């Protein structure tokens, strides 16, 4: 059972598809299939159900967690040694659902610490807790709670979420609107699982309503453009509204205290956070998100 085999197992476990995993790993599918079979033979139990589509079974899920943690510890050890050897601050790995609103603090961080390599990983919030546990990333920023043990967090921003409409829409002249008034209106939103979609569904479900969705997708940045084109309405956080203040869109407050977004920074509890990650945590935590500038930054002390 070598590291190469374990890394291949993780790719197959993530994709649950041998041919796609072989393509990603750039190996022949028969060779990958034999590798997984040898691993199962060594463990003495199947890791996948093979009736129909390949599926990770209970034993596979249990083993995957241990493999992720083991490989994560090895990677953390390599980084700790590099840091101790004085090779600079190394690397920080930051995950988020979107990086549209991060250009300011990321640019400030890079100016202050030009020797640090910043790796950005875009991923859904549903994958973040596992990525932190496996030490695949150092920090995660999510617009919805991460339900997992062993995480520490810091609230970066709590903000209103606005209804955006085309400027010629009948609601465009309003200062506020109720969710009941939005029943039957066409909405442009993200796929299920994204915080904007969760918020939209939750607001309507609280009134026993279902939103009328005419467009859903992964390109959240395209929502404003589709609204401007007159294809529908959308929910947009205040941070994005301020950056698009000149866009020909009407901004309307949604009547109710629940139409808000909380931006939260997460990291693993109890583990050693590399110096580069501690500095990134300080930069994000000290950033003035409401005005788009830096506060007085205090660098995190060693071991923080």
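Things to note:
- In the list [x] 6, 25, 30, 22, 13, 5, 1, 0; [y] 7, 31, 36, 20, 4, 0; [z] 5, 22, 26, 23, 17, 6, 0, the label attached to P(r) over Cα pairs in 10 Å bins from 0, in percent as derived from the coordinates here is [z].
- Using the Cβ-Cβ distance between residue 255 and residue 212 with R0 set to 22 Å, the FRET efficiency works out to roughly 0.70.
- Per-residue Cβ neighbour rank within 10 angstrom, fewest leading, 1, 123, 128: 1, 123, 128
- Kirkwood Rh, Cα atoms: Rg over Rh of region 157-260: 0.91
- Per-residue Cβ neighbour rank within 10 angstrom, fewest leading, 204, 63: 204, 63
- Value of [θ]222 nm, deg cm²/dmol, for the chain, DSSP H segments ≥ 4, -39500 (n - 2.57) each, nearest 500: -11500 deg cm²/dmol
- Dividing the mean sequence gap of close Cα pairs (under 8 Å, 6+ apart) by how many residues region 157-260 holds gives a relative contact order of 51 percent.
- Separation of region 130-178 and region 1-74, taken as the distance between their Cα centroids, equals 34 angstrom.
- Near-label residues of region 274-288 by backbone N, under 14 Å of a point 7 Å along Cα→Cβ of residue 118: 276-288
- The chain - percent relative contact order, Cα under 8 Å, separation 6 or more: 20
- Each residue, residue 75 and residue 242, gets one label point 7 Å from its Cα in the Cβ direction; the gap between the two is 3.4 nm.
- Among 193-199, 150-156, 47-53, the peptide with the highest mean count of other Cβ atoms within 10 Å heads the list, and the full ranking is 193-199, 150-156, 47-53.
- Rounded Å value of the spacing that divides the Cα centres of region 95-121 and region 199-259: 26
- Rel. contact order, % - alpha carbon contacts under 8 angstrom, at least six apart, region 3-66: 31
- Normalised by 2.2 N^0.38 Å, with N the number of residues, the alpha-carbon radius of gyration of region 100-220 equals 1.33.
- Of the residues 223, 213, 36, the one with the fewest other Cβ atoms within 10 Å heads the list, and the complete ranking is 213, 36, 223.
- In region 1-143, the DSSP beta bridges split such that about 20 percent are antiparallel, to the nearest 5.
Where a number appears in this text, it was derived from the coordinates with a stated rule and is not lab data. If you're wondering where the values come from, they're calculated on a predicted model, not measured in any experiment. Backbone-built Cβ (ideal geometry, glycine too); neighbour counts: all protein chains shown.
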